[in-house]
Amino acid sequence: MITTETINRIVGFTGNGLPVVSLYIRVPTDLSSRRAMVHSQVDSRLHEIRPTAEDHALGHDAMMSIRGDIDRIGEAVEEQRWSPGAVALFSCSGRGFFEQVQLPRGVRDRVIVDDTPWVRSMLAVLDEYHRCCVAVVHRNSARTWELYLDEMREAGTLRLSGDPGRNDHKADELIKRHFRQVVTMLEELSRTDGLELLAIGGPRPELPRFLDFLPSDLRGLVAGTFTVDEATFTVGDVKQQASAIVGRYERSEEERLVAETVETAAAAGLAAVGLPPCLWAGSVAAVGHLMVQDGAIIPGVICDHDRWLALAGQTCPLCERPVRRVPDIIDELIEVVIDEGGSIKHVSADTVLKEHLVAASLRFPLPPQPEG
Ligand SMILES: [Zn+2]
């Protein structure tokens, strides 16, 4: 599982004078060709930085570190058991730093050598997914898990201490204390693990009672609740129920974001809807948040000089150089937005984006488009 700790470690790392190699590789779905494809993609990306490993101008330590990075990445590729999507590798062998992060969605293959890890693609992909804390709370015990990117791992358990005996009043006090301890555990998890959502399950009689104990900040995170049968529930059931809750939350968030953006654009605010204005917004680095209809592919043209993007054309109106045809201009737009520090959301909910394909919130009003 990708933990907040790992991400923070990567984002906060600097080579302190030594270069850091960041490598992103798409991992194809097709199992039969996956290994060979990944191998050849990594080879060609590493080929790009081999001259750096021989560049004496960088100094001996930097050269040796990059050589070590190339070797270390080569080893990782030999050991690869990556799932479809993409993998991000970060290496600074001179400082003993190596991290690999499996990403659930494909990103553009690229290699970057810089003083710090190049994390934008990784963060843009991960930003689309929510960390959810799942809790199953009984009157005398509680278990919590962290659910992220379809993986669930146990986060903690609590047992009611003390025996309530036959005294009803005492039993009630113990349950209240237990519920308060569960709340404390959830508060700690939300603080340390950067949890964004809560899914809470329990037996039908206790669930509403426990929910009453949640302070307002945690209550605001509750994406849904589910009932579990005390005697027969399995972790598999819990994961299925919690995943469904997160899925519903994400769909409704998508619906809300699309609706807000379309409304803002209709009111001539800082938003753009549809490919022509969004491509222009991407060309001038105006996109803050880009929403993309999941699976949409549209051919287009790009100027490699200043990254002017459009659906069609022969020459770039900004620099008058010939443009390059690309099979998917939306993919190019996504990369441009990531490069400019914007964020991406793929939308699979049923919204008007099915018709418009893309919509964006803007950082500033768009300048008039040049005559093409
Ligand atoms: Zn141009």
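Summary table
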| read-out | value |
| --- | --- |
| Selection within the range 335-362 - surrounded by fewer than 17 Cβ atoms within 10 Å (Cβ to Cβ) and either within 15 Å of the ligand (Cβ to nearest atom) or assigned to a loop (DSSP other than H, G, I, E, B) (or both) | E340, G341, S348, D350, V352 |
| Scan of the range 234-274 for residues that are among the charged types (D, E, K, R) and buried (at least 18 other Cβ atoms within 10 Å of the Cβ), ordered by number | E250, E254 |
| Cross-chain or 6+ apart pairs with Cβ under 7 Å, the range 184-199 first and without any contact (Cβ under 8 Å) to a residue 40 or more places away in the chain, then part of a helix (DSSP H, G or I) and of a type outside the set (V, I, T) | E187/L218 |
| Single condition V258 does not satisfy, out of (1) closer than 14 Å to H356 by Cβ; (2) free of Cβ contacts under 8 Å to residues at least 60 places away in the same chain | (2) |
| Segments classed as strands (runs of 3 or more DSSP E), wholly inside the range 146-230, with at least 2 members that are over 31 Å from the mean Cα position of the chain (by Cα), among the polar types (S, T, N, Q) and surrounded by 12 or more Cβ atoms within 10 Å (Cβ to Cβ) | none |
| Answer residue from the range 94-113, given it is touching a strand residue (DSSP E or B) at 6+ places or on another chain (Cβ under 6 Å) and under 17 Å from G341 (Cα atoms) and is modelled with the lowest pLDDT among those | V107 |
| Near pairs, Cβ below 9 angstrom, 6+ apart or cross-chain, from the range 308-322 (among the β-branched types (V, I, T)) to any residue that is within 6 Å of the ligand (Cβ to nearest atom) | T315/C303; T315/R321 |
| Among (1) closer than 30 Å to R191 by Cβ; (2) modelled with pLDDT of 95 or more - the single one E5 does not satisfy | (2) |
| Complete set of residues in the range 297-334 that are more than 16 Å from the ligand (Cβ to nearest atom) and surrounded by 13 or more Cβ atoms within 10 Å (Cβ to Cβ) | I298, D328, I330, D331, I334 |
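The values are calculated or read from the model by the stated rules, or taken from the named source; none is laboratory data. All values derive from a computational prediction rather than experimental measurement. Cβ: placed from backbone, ideal geometry, glycine included. Neighbour counts: every protein chain shown.
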